[in-house]
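Reading through the C-alpha cells given below for one structure.
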Amino acid sequence: MHPISDHHFIGGELWRSSSNARIEVLNPSSGLVLGEIPDGDITDIDHAITSAVAAGPGWADRSPRERSTVLVNLANLLRVHAEELARLDSMDSGRTLAETRAQVSRSAEQLEYCAAVADKLEGRVVPLNSGFSASTMLEPYGVIGALTPWNAPLLQITQKTSHAIAAGNTVVVKPSPLACFSTLHYGMLAQEAGLPAGVLSIVMGGADTGQALVQDERIAKVTFTGSVKTGRHIAGVCGARGASVALELGGKCPLLIFADCDLEGAAVDTARASFGTTGQSCVSAARILVEASVYDDFLQLLKSETGKYIGGDPLHEETVMGPMISAAARDHVVSLLEDAISVGAQVAGGEWPPHSQQEGGFFMNPVLLEDVPETARIKREEIFGPVTCIERFDDEEAGVLSANTGFFGLAAGAYTTNASRVRRLQRNLHAGNVWINCYKMLDPALPFGGDKASGIGRECGIDGILNFVKPKSLVEAIRTN
C-alpha cells in the first residue's frame, strides 16, 4: 500500500499543498495523532478543478466500455489491498474491522455495478409529427465536486466517484478531515487502474477548502453527504449560481415492532440497527416503536441485547462496537442525553452515566431511553451516537402516524409477519428506504437517499448514475425537397 502522505492527489500525482497549514487527524480509539493532512486553500482547489476541466473532454469521449474497464480494474485493486484498506479505515474512523472489511467488498461491488451500467445510458426516440425527427441523448455534467463524510471514507468516495466517472464526468473530492486517509489511497489506486490524470483529484482540508470547491463556477454539480445545516448551505451556494446538487443528509429513522413478529430475533436486529457503527450512521434506528401489548417483553429482550454492545478496540476481531469519531461528537450525544433526562426521560437500558473500560479514545457505551417527553431535543434532532429511544404505539395506524412525524425521511423499518400489513407499510411509511423484517439492507443496485429534510436525489442503482447525466433534446426538421 501507499504510505500515508502529507499531500493532495491532483492531476494524477501526489501534490504538495500550497498552504503550510495542517490538520491533525486523531485515532478515535486512542485520542492520539494518527497523522496530518494539508489544509488546502483556494490555490489547491483551483489546480484540481483546472486539471479536471482539462481532462474532461478526453474522458467523456472515451467509449463507455473503456471507462468500464478502468472501473473493473480499480475494483480488482481494492480487493488486492482489501485488508490494508480495512485496517486503515478502522484506525481512521473507529469502525470495527468487520464493518470496514464489508465496506471494502461493497466498494468493489459498487465499481463493478457502475462498470456494467456505463454502456446502458441510452437516449430515446420521441415521436412528434411527421415533419420532425426527435430524440434525446444523455450527457455528463462536466466537473463534479464531491464532499464525502468521515463515517465510511472508502465506501463514500467510491459511491460518489463511480457514478460520476462511469457517466463521463471528472471529479474533485474534498473528504472530511476527521477520517480521510483511504480516500488518498483510492485516488492512487485509481491511477494505477488506468484512470487518466485529472479525471479524479482529491484535495484535503477543512470547511474553507470545501467552500472554495462548492462556490467555483466551473463545478457543474455538487454531491454531498453530511449534516442538514451544511447541506442547505451548499444548496444555497449552488442555487445562487445555477449549479445542480445531490444531497444525502440526516436521518432519525423509526423501527416498528409489531406483536406478531419474532420478538427475540427482532431484538437482536434492533440492537444492531441502533448501536452498530456506534450509532454513527444516518440510517441508525433512532426511534424504536413497539406495539403496546408486547412492549414490556420486547424491552427486556432489547435491554439484554443492548448490554452486549461494549466499546472496544476496532482492530480486535471480537469487537462489536468501536469509539465515536471525536470528543466533540461524544459531548454532543451526552448533551442530548442530559437534556432528555432533565425533562423526564428514563434510562431503560444500557449505561448512564456513560463510561468505558478503554483507556483514552472517544468511547461511549449504549444508552436506551424511554418515556422521552416531546420537549426533549433528542426527539427531533439527529443523535449520531449509540443512543436510541423506545416508545409504545396502540395499533398500526398510530404506529405509522408516529413513524412519519418529524423533519426526516431517510429510512424506516418494521418487523411483522402479516403479509397485508407489509404492503401497507411499504406504501405508507414516508421514507426513501423501507426495510421489512430486515434493516440497513443496502446494495449497489438499490437507489439510496431520503425525502423531506433527508436530502435531494439518489445514490446507487441506475438512479445513482442518472444523477450525473442530463438529457439533451435533439430535433431535426425533415425536408421534403
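The values are calculated or read from the model by the stated rules, or taken from the named source; none is laboratory data. Keep in mind it's a predicted model, so treat the numbers as computed, not measured. Here the Cβ is made from the backbone with ideal geometry for all residues, glycine too, and neighbour counts use every protein chain on show. These area figures cover heavy atoms from the full protein model, side chains too; ligands, DNA and RNA do not enter into them. Shrake-Rupley method; radii C 1.70, N 1.55, O 1.52, S 1.80 Å.
Annotation for the stretch 71-168: GluC sites (Glu not before Pro) lying in DSSP loop with at most 15 further Cβ atoms inside 10 Å of their Cβ are GLU122.
Could you give log10 I(q)/I(0) at q = 0.05, 0.07, 0.12, 0.13 Å⁻¹ for the chain, computed by the Debye formula over C-alpha point scatterers of equal weight, without solvent? Per q value, in the given order, log10 I(q)/I(0) is -0.20, -0.38, -1.05, -1.20.
Between THR405, ALA419, ALA348, the Cα set farthest toward the positive side of the dipole of the stretch 333-481 (charges on each charged residue's Cβ, about the Cα centre) is that of ALA419. Each principal axis of the stretch 118-181 carries a Cα extent, and these read 60, 18, 14 Å when sorted largest first. Which value in deg cm²/dmol, rounded to the nearest 500, describes the helix-derived mean residue ellipticity at 222 nm for the chain, given -39,500 (n - 2.57) per DSSP H run of n ≥ 4 and division by the residue count? For the chain, the value works out to -12000 deg cm²/dmol. Summing charges over neighbours of ASN428, with a neighbour being any other residue whose Cβ is under 11 Å away from its Cβ, gives +2 when K and R count +1 and D and E count -1.
Here the ratio of the Cα radius of gyration of the stretch 257-395 to 2.2 N^0.38 Å is 1.01. In summary, the stretch 326-450 shows an alpha-carbon radius of gyration equal to 1.21 times the 2.2 N^0.38 Å reference for compact globular proteins. With R₀ fixed at 41 Å, the C-beta to C-beta distance from LYS229 to ASP297 puts the FRET efficiency at about 0.55. Accessible surface ranking for HIS185, HIS233, HIS7, 1.4 angstrom probe, highest first: HIS233, HIS7, HIS185. Were the residues from ARG62 through ARG218 laid out at 0.36 nm apart, the gain over their Cα-Cα distance would be 54.0 nm. Taking all protein chains as they are arranged and a probe of 1.4 Å, the heavy atoms of ARG218 leave approximately 90 Å² accessible to solvent. Counting only Cβ charges, +1 for Lys and Arg and -1 for Asp and Glu, the dipole size of the stretch 225-337 around its Cα centre is about 900 debye. Paramagnetic label reach from ASN418 (point 7 Å along Cα→Cβ; backbone nitrogen cut-off under 11 Å): within the stretch 244-261, residues 258-261. Treating each Cα of the stretch 388-481 as one equal point scatterer and applying the Debye formula with no solvent, the log10 of I(q)/I(0) at q = 0.14, 0.21, 0.23 Å⁻¹ comes out as -0.63, -1.13, -1.25. In this calculation the C-beta distance from LEU474 to GLU397 is compared with R0 = 51 Å, giving a FRET efficiency of 0.55. Taking every C-alpha pair closer than 8 Å and separated by at least 6 residues, the mean separation divided by the residue count of the chain gives a relative contact order of 18 percent. Using only side-chain charges placed at the Cβ, +1 for Lys and Arg and -1 for Asp and Glu, the dipole size of the chain relative to its Cα centre rounds to 1600 debye. Residues ASP297, ASP451, sorted by accessible area with the largest first, give ASP297, ASP451 [1.4 Å probe; ligands and nucleic acids excluded]. Stokes-Einstein diffusion of the stretch 60-108 at 4 °C, 1.567 mPa s viscosity, Kirkwood radius from Cα pairs, rounded to a whole number: 111 µm²/s. Remark: the ILE462-ALA54 segment gains 144.1 nm on full extension, using 0.36 nm per residue and subtracting the alpha carbon distance.
The mean sequence distance of close C-alpha pairs (under 8 Å, at least 6 residues apart), as a share of the length of the stretch 279-427, puts its relative contact order at 30 percent.
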